[in-house]
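The values are calculated or read from the model by the stated rules, or taken from the named source; none is laboratory data. Everything numeric in this text was worked out from a predicted model, so none of it was measured. Heads up, the Cβs are rebuilt from the backbone with ideal geometry, glycines too, and the neighbour counts pull from every protein chain shown. Remember, those area values only see protein heavy atoms, side chains included, never the ligands or the DNA or RNA. Shrake-Rupley method; radii C 1.70, N 1.55, O 1.52, S 1.80 Å.
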Amino acid sequence: MTESLLSAVFLAAVLATTGFKLWLAHRHGRHILAHRGQVPRAFAEQIPLSAHQKAADYTRARLRLGAVDLVVNAAWILALTLGGGLQWLYGLWTGLADAGSIMQGTAFLATLTLLGAVIELPATLYRTFVIEARFGFNKMTPALFVSDTLKSLALSALIGLPVIAAVLWLMSAMGTHWWWAVWLFWLVFNLLVLLIWPTFIAPLFNRFTPLEDERVRGRVDALLARCGFRSNGLFVMDGSRRSAHGNAYFTGFGKSKRIVFFDTLLNTLEPLEVEAVLAHELGHFKRRHVTKRLVLMATVMLALLWLLSALMHAPWFFAGLGVEAQSTAMALALFMIALPVFSFPFSPLMSAWSRKHEFEADRYASEQSDAGALISALVKLYRDNASTLTPDPLYSRIYDSHPPATIRIAHLQGKPL
Ligand SMILES: [Zn+2]
């Protein structure tokens with residue numbers, strides 16, 4: 001590999017993935033527009049035409065913003081690498097700390113992350129205060145947005161800075177074997193975050209109260225007993241403080257695992273529907289989807305770190321991506337920027353795997369609870385979240401972590417399409 005070849009391959013990959021994603025978004029939008037005039041037959045009785053059209057307009061508004069985002073992101077990646085941005089930023093810190101030191105590396109990576117967040121800010125603001133607001137979903141006040149941003153920033157600094165410093169230290173102190181040392185560190189760190197997230201971090205942003213509704217509790221306790229599932233409790237989260245979108249999820253692991261329902265969801269679902277949604281979530285747990293995902297992530301991470309340890313000593317890796325400085329911090333920065341560009345071809349596989357898990361969890365829910373109740377809960381969720389019922393098939397195949405509505409409902413009815 002030579003540096004000019006890497007530059008050419010990288011440039012081509014950025015342009016090709018961006019172009020392909022734009023084309024997919026365009027297809028998706030056109031498909032939705034073509035089906036805007038009629039609610040799909042399977043939903044005709046539960047979803048009014050006005051809600052279907054709102055979903056179409058909402059999805060298309062988000063797609064348009066997404067397209068702008070794609071172009072901005074491609075420009076940002078190219079400006080940083082081939083445009084010399086990384087080298088400039090690195091030089092900025094060289095005057096203030098010893099070149100190649102952990103201090104300089106940490107400062108460099110932290111400012112790079114911060115700049116990335118600043119670049120994303122306009123799109124986030126537009127999404128929250130224009131699009132979400134226009135479709136009646138936004139409940140976030142500007143004051144809450146500012147306080148959320150400041151809290152995340154403080155939290156990232158508190159956790160992120162020591163982590164970056166520790167990784168850079170391991171990379172220089174462990175010699176050629178650093179990749180598995182960093183991997184072990186990464187693994188322990190991730191498990192620790194999973195463990196403390198529900199009890200220490202999530203409450204910084206939301207209020208969690210034990211589920212009190214007697215009718216729901218009774219059903220849920222019976223379901224948990226039936227499935228042999230023990231958890232650290234059932235909580236209601238005040239999701240309505242920020243958004244009208246509803247959801248339910250599992251968090252933590254081992255003894256710290258808990259089940260969380262958004263208040264927005266509990267307000268619209270009947271007790272039996274809540275039970276069915278919970279049974280679906282339990283299905284993910286019982287079929288070991290969480291563990292499988294963790295194992296895959298850990299394996300991929302190990303391979304990637306090994307790859308980085310090999311690339312780190314190749315001068316063409318740095319020069320080909322537009323930088324002169326060859327340091328551990330720079331290698332990490334380049335790797336994090338280049339990786340998403342080259343890993344995009346794998347996203348359809350990941351999406352397909354995730355959709356397979358959704359079918360499995362749905363099947364578990366039909367066995368342990370009630371398929372009809374899950375269907376009616378899903379229809380309410382599609383309607384209230386303005387999710388499109390008519391995605392472009394190719395777009396859906398590549399991106400969707402959940403099966404398209406029509407196919408998912410047909411599976412639940414026991415007549416797969
Ligand atoms: Zn699921």
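Converting phi to 3J(HN,Hα) with the Karplus coefficients 6.51, -1.76 and 1.60 and the offset θ = phi - 60°, the range 330-339 yields 5, 4, 4, 4, 4, 5, 5, 7, 7, 4 Hz in sequence order, with x at every glycine or proline.
The lysines within cross-link reach of Lys151, meaning a Cα-to-Cα straight distance under 18 Å and a gap of 8 or more places when in the same chain, come to none at all. Look at the Cα gyration tensor of the chain: its axes a ≥ b ≥ c give a/c of at least 1.5 with a/b over b/c, and that counts as prolate. Peptide packing for 270-276, 308-314 was compared via the average number of neighbouring C-beta atoms within 10 Å per residue; ordered from the highest value, the list is 270-276, 308-314. Between Arg215 and Ala157, the contour length at 0.36 nm per residue exceeds the Cα-Cα span by 16.5 nm. Each residue, Ala97 and Leu150, gets one label point 7 Å from its Cα in the Cβ direction; the gap between the two is 2.6 nm. For Ser4 and Ala123, a Förster radius of 30 Å and the Cβ-Cβ distance give a FRET efficiency of 0.35, rounded to the nearest 0.05.
In this calculation the C-beta distance from Met336 to Phe20 is compared with R0 = 22 Å, giving a FRET efficiency of 0.55. Rounded, prolate or oblate: which one fits the range 92-213, using the alpha carbon gyration tensor with axes a ≥ b ≥ c (rounded when a/c is under 1.5, else prolate when a/b beats b/c, else oblate)? It is oblate, given that a/c is not under 1.5 and a/b is not larger than b/c. What shape does the range 163-232 take by its C-alpha gyration tensor, where a ≥ b ≥ c are the square roots of the eigenvalues and a/c under 1.5 counts as rounded, a/b above b/c as prolate, and the rest as oblate? Oblate.
Just add up the charged neighbours of Ala143: K/R +1, D/E -1, any other residue whose Cβ is under 15 Å from the Cβ of Ala143. After counting each charged neighbour, the total is +3.
In the context of the full set of protein chains, the chain has a per residue accessible area of 51 Å² (1.4 Å probe). For the range 283-337 versus the range 51-108, the inter-centroid distance based on Cα atoms is 18 Å. Of the accessible area of the chain, computed with a 1.4 Å probe over protein heavy atoms only, carbon and sulfur atoms account for 66 percent. Of all DSSP bridge pairs formed entirely within the chain, close to 65 percent run antiparallel.
Partner lysines whose Cα lies under 24 Å from the Cα of Lys356, excluding those fewer than 8 positions away in the same chain, are identified as Lys21, Lys257, Lys286, Lys292, Lys380, Lys415.
Across the chain, Cα pairs under 8 Å and at least six residues apart give a relative contact order of 25 percent.
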